[in-house]
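The structure under discussion appears below in the form of structure tokens.
The values are calculated or read from the model by the stated rules, or taken from the named source; none is laboratory data. Everything quoted here is computed from the prediction, not taken from an experiment. Reconstructed Cβ throughout: ideal geometry from the backbone, glycine too, with neighbour counts over all protein chains shown. We work out accessible area using only protein heavy atoms, side chains counted, and drop any ligands, DNA or RNA first. Shrake-Rupley method; radii C 1.70, N 1.55, O 1.52, S 1.80 Å.
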Amino acid sequence: MLAELRIQGLGVIEDATLDLHPGLTVVTGETGAGKTMVVTGLHLLGGGRADSSRVRRGASRAMVEGRFLLPPSEEAEEAEEAEAEDDTADAEDADDAGVPRSALRLAADAGAALDDDGSLIAARTVSADGRSRAHLGGRSVPMAVLGDVTNAALAVHGQHEALRLLRAAEQRAVLDRFAGAAVAEPLAAYRRTRAAWRRAVAELARRRDQAREMTREADMLRHGLTEIEAVDPQPGEDAELVAEARRLADADELRATASAALAALAGPPDGTGEDPDAVGLLGEARRRLQGSDDPALAGLDPRLAEAAALLGDAAAELTDYLERLEADPQRLEHVLERQAALKGLTRKYAADVDGVLAWAESARAQLEGLDTSDEALAALAAEADTLAGELAGHATTVSAARREAAERFGAAVTAELDGLAMGAASVQMAVGVRDGGGQDALVVDGRTVVAGPDGVDEVELLLTAHAGAPALPVHKGASGGELSRVMLAVEVVLAGADTTPTLVFDEVDAGVGGRAAVEVGRRLARLAATHQVVVVTHLAQVAAYADRHLVVDKGGLQAVDGTDGVTRSAVRLLDDGERVVELARMLAGTEETETGRAHAEELIAAAAAERTAAADDTGAGAAPTPIDRGAATTRRSGTRRSRRAG
């Protein structure tokens, strides 16, 4: 649950803190007072695009900070047990009172720490020069991480989102979102198979279309491999040959050096040398020390014995080296020829022998992809056909799941319209297929269709305005006011199927009035039984249902940089008396008339009575209304929320 939202330096809001109710919180205010900055702040908190023009003039930055309450462990366990009884898929992932545990895992992975009261703090800053920063639990995080966490905890339904629903692609996305895992799981399998199918088809076409060029390239690779295999280079052989060639070429000089060193250690081989050698001198030193009665001198003998052993080993190795060192002109010639052969390879294929061997390995791999033989093409064609069959199966499953969900979605939206003064209208989500050919052509049930990234279906939202009227695309079959109500009904149905704990509505009631406005408020209030709901509205009929009413007040002008100043707005919580005044203003444009106040009091009293009656009906086991998605879950959620609110 989003318990608190603080906004600083954003638009007309200099510094404001919003304390949000677990149920329905409404935000009202005069035009231009800054109500939309609340939603703008939530968009920023959700990782939305940062616009420096939104930074308040005179401020160095805008900052939005949200405090999310986490579900107590006891309530989390209770929620899991209750959801498991109803076979709800999100039992292990969310609790309606706090941040979903999926979001908590994301936050923990990012190193975020909980506040002292156990809440999670998310923050976003946008500087006047356009730079943006994100923080989570006191830790700087990438914008995407902040968005992942906050979007798992809250969803914003606004006018722009409603307008997007008029697009065909968005309507398909809406249906998939409503269907949930029933579509998501087969669609994921479809997309994986489609990627493999497209690769196989593209590779088959490439080999067929570029057979001549591929044959030429394969011949060049085979020639190189034949040349390399004829020489048969070994890893590191070029460096070894360089050392051997140098040794063979300098054999006489090396023999003289080794002989002199051996003579210095052990004397000349014939024993005729007059100069003392190291071994002999060391032996003399040992004899003298061994003849001493002084323990200190005698104690040096073991060390001299060790030195004598080392000198003996060195002399033996020098002797062995001299015995093996021979001037071999034939071997030298062979080494030089081998070096020339290897150099011929390194000039063509790589800088050294190891690079030549790597080129050969790569060439062998490339040859496998350049096989244009009939056998290779037949194998690729068979693979593509197999994948096409699997893809068609996945597409059929996705289409069936969408059609089933479309029936439920249309019925739910139609039921909502009945309460929005459009009882004669009905909505259906039509699911068809896209006929066509091209590179994405796929045969499904004997019909050639286009296998796009989202399946083979075309989805369209249709409206039947009244009995006997044709079903038309919603943007053609609805007037302006009707379109607003249809979009609101769609949003409410989507929100009812949404497991996100906090739902934000930004004036989705635009264009609605009268009795329909009361129904909008009633539906949002019922939705607040299972979700935390925040509504930015201009309708008194909606605001009357609030559990908590916040108003954005337009204050005076604040001088900035020598100008006349910029508007300063603040957000405050209304008590019961102030609510009456605000609703009267929203109804009549002024709070001064007794009639306006009486009407406002009547709205508040009617809303309270309806909510009490609805709670009693639910407790008595009455049939759920269209907004009540699963009465049992609603009752449990409402009970837990009441305990928390108390």
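Restricting attention to the stretch 417-426, which residues are open to solvent by 40 Å² or more (accessible area, probe 1.4 Å), more than 11 Å from ALA465 (Cα to Cα) and either in contact with an Asp or Glu (Cβ under 8 Å, 6 or more places away or on another chain) or part of a loop (DSSP other than H, G, I, E, B) (or both)?
ALA421
Out of the residues in the stretch 372-428 that are β-branched (Val, Ile, Thr) and in contact (Cβ under 8 Å) with a residue 12 or more places away in the chain, which is farthest from GLY477 (Cα to Cα)?
THR372
So which pairs qualify, if the first residue must be in the stretch 602-618 and closer than 18 Å to GLN541 by Cβ and part of a helix (DSSP H, G or I), the second must be modelled with pLDDT under 90 and open to solvent by 50 Å² or more (accessible area, probe 1.4 Å), the Cβ gap must be under 9 Å, and the two must be at least 6 apart or on different chains?
From residues that are closer than 18 Å to GLN541 by Cβ and part of a helix (DSSP H, G or I), the pairs are LEU603/LEU587; ARG611/ARG526; ALA614/ARG526.
Is one or more of the residues making up the stretch 100-123 at pLDDT below 50 and surrounded by fewer than 21 Cβ atoms within 10 Å (Cβ to Cβ)?
No, the stretch 100-123 contains no residue that is at pLDDT below 50 and surrounded by fewer than 21 Cβ atoms within 10 Å (Cβ to Cβ).
Go through the stretch 461-492 and count every residue that is among the basic types (Lys, Arg) and open to solvent by 50 Å² or more (accessible area, probe 1.4 Å).
Summing the residues that are among the basic types (Lys, Arg) and open to solvent by 50 Å² or more (accessible area, probe 1.4 Å) in the stretch 461-492 gives 1.
Between a residue in the stretch 287-304 that is open to solvent by less than 70 Å² (accessible area, probe 1.4 Å) and any residue that is of a type in the set (Gly, Ala, Ser) and in a helix (DSSP H, G or I), which pairs come within a Cβ distance under 7 Å, given they are 6 or more apart or on different chains?
Close Cβ pairs satisfying both conditions: LEU289/ALA298; SER292/ALA298; LEU304/ALA285.
Can you spot a residue in the stretch 327-350 that is part of a loop (DSSP other than H, G, I, E, B) and closer than 24 Å to ALA258 by Cβ?
Checked against the condition, which is being part of a loop (DSSP other than H, G, I, E, B) and closer than 24 Å to ALA258 by Cβ, the stretch 327-350 yields at least one hit.
Given (1) of a type outside the set (A, V, I, L, M, F, W, C); (2) at pLDDT 85 or above; (3) touching a helix residue (DSSP H, G or I) at 6+ places or on another chain (Cβ under 9 Å), identify the lone condition not met by GLN339.
(2)
Out of the stretch 193-231, which residues are exposed (fewer than 13 other Cβ atoms within 10 Å of the Cβ) and among the charged types (D, E, K, R)?
If the condition is that a residue be exposed (fewer than 13 other Cβ atoms within 10 Å of the Cβ) and among the charged types (D, E, K, R), then ASP209, ARG212, GLU213, ARG216, ASP219, GLU229 are the ones that fit.
Determine whether LEU377 is open to solvent by 20 Å² or more (accessible area, probe 1.4 Å) and touching a Pro at 6+ places or on another chain (Cβ under 8 Å).
It is false that LEU377 is open to solvent by 20 Å² or more (accessible area, probe 1.4 Å) and touching a Pro at 6+ places or on another chain (Cβ under 8 Å).
Kindly evaluate ALA495 against the criterion of being in a helix (DSSP H, G or I) and small (Gly, Ala, Ser).
yes
Give the residue, chosen from GLY514, GLY521, that is closer than 19 Å to ALA584 by Cα, in contact (Cβ under 8 Å) with a residue 60 or more places away in the chain and surrounded by fewer than 24 Cβ atoms within 10 Å (Cβ to Cβ).
None of the others qualify; the one that does is GLY514.
Within the stretch 427-442, which residues are farther than 19 Å from ALA169 by Cα and either small (Gly, Ala, Ser) or open to solvent by 30 Å² or more (accessible area, probe 1.4 Å) (or both)?
If the condition is that a residue be farther than 19 Å from ALA169 by Cα and either small (Gly, Ala, Ser) or open to solvent by 30 Å² or more (accessible area, probe 1.4 Å) (or both), then GLY437, GLY438, GLN439, ALA441 are the ones that fit.
Given the condition at pLDDT 85 or above, surrounded by 11 or more Cβ atoms within 10 Å (Cβ to Cβ) and touching a helix residue (DSSP H, G or I) at 6+ places or on another chain (Cβ under 6 Å), answer yes or no: does some residue in the stretch 317-331 qualify?
no
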